[in-house]
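Take a look at the structure set out below.
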Amino acid sequence: MRAVDIIIKKRDKGELTREEIRFFVNGITTGRIPDYQTAAWAMAVLLNGMTPRETTDLTLAIAQSGEVLDMSDVVKIAVDKHSTGGVGDKTSLVVLPAVAACGLPVGKMSGRGLGFSGGTLDKLESIPGYRVDLSTEEFEKQLKEIGLVLCGQSKDLAPADGKLYALRDVTGTVQSIPLIASSVMSKKIAGGAHAVVLDVKVGNGAFMENLKDAHELADLMVKIGQLAGRKVVALISDMNQPLGFAVGNALEVREAIDTLRGNGPADFREHCLHVAAHMLVLGEKTDSLEEARTLAEKSIADGSALEKFRQLIIAQGGDVSYVDDPDKLPKASLIKVVNAPRSGYLEQVRARAVGEASVALGAGRAKKGDPLDYAVGFVIHHKVGDKIQEGEPLFTVHANDEKKMEEAIASVSAAHTFNDFPVPPLPLFYA
Ligand code: URA
């Protein structure tokens, strides 16, 4: 078999066999297939799609590119969650400690920034020392000891996803249902989750821009999970405006810590409680969503979720003094408040434009392996539907370069639109 023939077959809209998919994924893992062929193949998949059977084979091949953990000895029911990616989506940083503090252990493999969306691993690395590349032994030991792991795929766990993900980020091959479904579900399967809550984002700041595509992606991931013997729930949530207020690595960590301290933006807190409640029900902590939500609320109110987050940071080598004093987190040299140009009701805060502007400031990558600027990003001050007076703060930009800051201000100003008449707030969840 030759990689080039498999690329040509997909370019010409052919259906790949299980053997061809396994050959290709194996080549990505071992490095036998170079980046340029992988990128060409990913583009062919993006343009021509895959059947559900091909996507399932791709998912299992990626999951089996490393070890597939069996968590049965470690926890009764291993529950995991995954978001398909959004702007300001720092949910895992709050939900996981809250759920773990309720006595349900969570071991999660997260991702890095992808296109205009941020990544949990990049956010966590704004805390000095935090290690995302755990070995299998470390993963299992930590899950047993503190009931919480938040790491990345590694040479042991779903290594093919790591390589493919980094290439997709910078080759315009993110927005593909089979590539997203296989990337997400391979990590969940390899991580040994028995049950998974999927947070499928929809809107202009998500990879699925309409509800039809979001449902298609959700259904496909649920089916793949079920075929692999996992219990899966998919939620479809709004991503037309940033989640919470902060966008950018360290700014989001700060907002997550704030939320764990019982503060934080109302929409973000509500979103987290809803996801946490579904995880607690899947993990059989309780059978009612209301009761599960109360448990999660309590873990935030009594400080146990924050304490779990501290334990996580310590266990993975991070400097916990940054959690205790978030003022220590990386800070930009230029911080500028931009005021509303007019009065009116906020009609849109286009999440994608905010995400792209954040990447352009340095919070994301333009090329594989680019270093990140953890300090930069935005704090958006309002939600769609808010009544705003001319001259009041609209957003704050955090930058380390004058020219980039001016460009970012222009883009994010244009991302805000106003209406003279009342505008309804956006829902948090659609399904
Ligand atoms: N999260 C992932 O892990 N992979 C994707 O492709 C998108 C979101």
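The values are calculated or read from the model by the stated rules, or taken from the named source; none is laboratory data. As the structure is a computational prediction, the values presented were derived from the model and not from experiment. Positions of Cβ are generated from backbone atoms using ideal geometry, with glycine treated the same way; all protein chains shown enter the neighbour counts. Protein only, heavy atoms only, side chains kept; ligands, DNA and RNA dropped before computing areas. Shrake-Rupley method; radii C 1.70, N 1.55, O 1.52, S 1.80 Å.
Counting only residues that are closer than 26 Å to residue 79 by Cα and within 15 Å of the ligand (Cβ to nearest atom), how many does region 197-225 have?
So the count comes out to 18.
Of the residues 185, 109, which single one is within 11 Å of the ligand (Cβ to nearest atom), open to solvent by less than 30 Å² (accessible area, probe 1.4 Å) and assigned to a strand (DSSP E or B)?
109
I'm trying to understand the selection: among the residues of region 207-234, which are not hydrophobic (A, V, I, L, M, F, W, C) and not in a helix (DSSP H, G or I)? It would help to see each step written out before you state the result.
First, pick out the residues of region 207-234 that are not hydrophobic (A, V, I, L, M, F, W, C): 209-210, 212-213, 215-216, 219, 223, 225-226, 229-231.
Those that are not hydrophobic (A, V, I, L, M, F, W, C) and not in a helix (DSSP H, G or I): 209, 210, 229, 230, 231.
Out of everything in region 86-106 that is open to solvent by less than 10 Å² (accessible area, probe 1.4 Å) and either under 20 Å from residue 359 (Cβ atoms) or free of Cβ contacts under 8 Å to residues at least 12 places away in the same chain (or both), what residue ends up being nearest to the ligand (Cβ to nearest atom)?
Within region 86-106, the match that is nearest to the ligand (Cβ to nearest atom) is 86.
From (1) within 11 Å of the ligand (Cβ to nearest atom); (2) buried (at least 21 other Cβ atoms within 10 Å of the Cβ), pick out the condition that doesn't hold for residue 123.
(1)
Which residues, taken from region 62-84, are open to solvent by less than 10 Å² (accessible area, probe 1.4 Å) and within 16 Å of the ligand (Cβ to nearest atom)?
62, 63, 80, 81
Of all residues in region 120-161, how many are without any contact (Cβ under 8 Å) to a residue 24 or more places away in the chain and part of a loop (DSSP other than H, G, I, E, B)? Working first, answer last.
The first filter runs over region 120-161 and keeps only residues without any contact (Cβ under 8 Å) to a residue 24 or more places away in the chain, leaving 133, 135, 137-138, 141.
Going one step further and asking which of them are part of a loop (DSSP other than H, G, I, E, B), we end up with 133, 135.
Of the residues in that region, 2 qualify.
Tell me which of these residue 196 doesn't satisfy, since it passes every other one: (1) more than 24 Å from residue 377 (Cβ to Cβ); (2) out of contact with any Asp or Glu (no Cβ under 8 Å at 6 or more places or on another chain).
(2)
Any idea which residue in region 317-363 is surrounded by the most Cβ atoms within 10 Å (Cβ to Cβ), counting only those that are in contact with a Ser or Thr (Cβ under 7 Å, 6 or more places away or on another chain) and hydrophobic (A, V, I, L, M, F, W, C)?
Here the answer is 357.
State yes or no: is residue 379 open to solvent by 70 Å² or more (accessible area, probe 1.4 Å) and in contact with a Ser or Thr (Cβ under 6 Å, 6 or more places away or on another chain)?
Working: open to solvent by 70 Å² or more (accessible area, probe 1.4 Å): no; in contact with a Ser or Thr (Cβ under 6 Å, 6 or more places away or on another chain): yes.
Here the answer is no, as residue 379 does not meet what is asked.
Out of all the residues in region 348-379, which are under 17 Å from the mean Cα position of the chain (by Cα) and small (Gly, Ala, Ser)? I'd like the intermediate steps shown before the answer.
Of the residues in region 348-379, the ones under 17 Å from the mean Cα position of the chain (by Cα) are 351-352, 354-356, 358-359, 363-365, 372, 374, 377.
Within region 348-379, 351, 355, 358, 363, 364, 377 qualify.
Where residues in region 382-431 are in contact (Cβ under 8 Å) with a residue 60 or more places away in the chain and of a type in the set (Phe, Trp, Tyr), which of them is least open to solvent (accessible area, probe 1.4 Å)?
That would be 418.
Would you call residue 232 in contact (Cβ under 8 Å) with a residue 24 or more places away in the chain and near the ligand (Cβ under 10 Å from one of its atoms)? So that I can check it myself, show each step before the final result.
Numbers: in contact (Cβ under 8 Å) with a residue 24 or more places away in the chain: yes; near the ligand (Cβ under 10 Å from one of its atoms): no.
It is false that residue 232 is in contact (Cβ under 8 Å) with a residue 24 or more places away in the chain and near the ligand (Cβ under 10 Å from one of its atoms).
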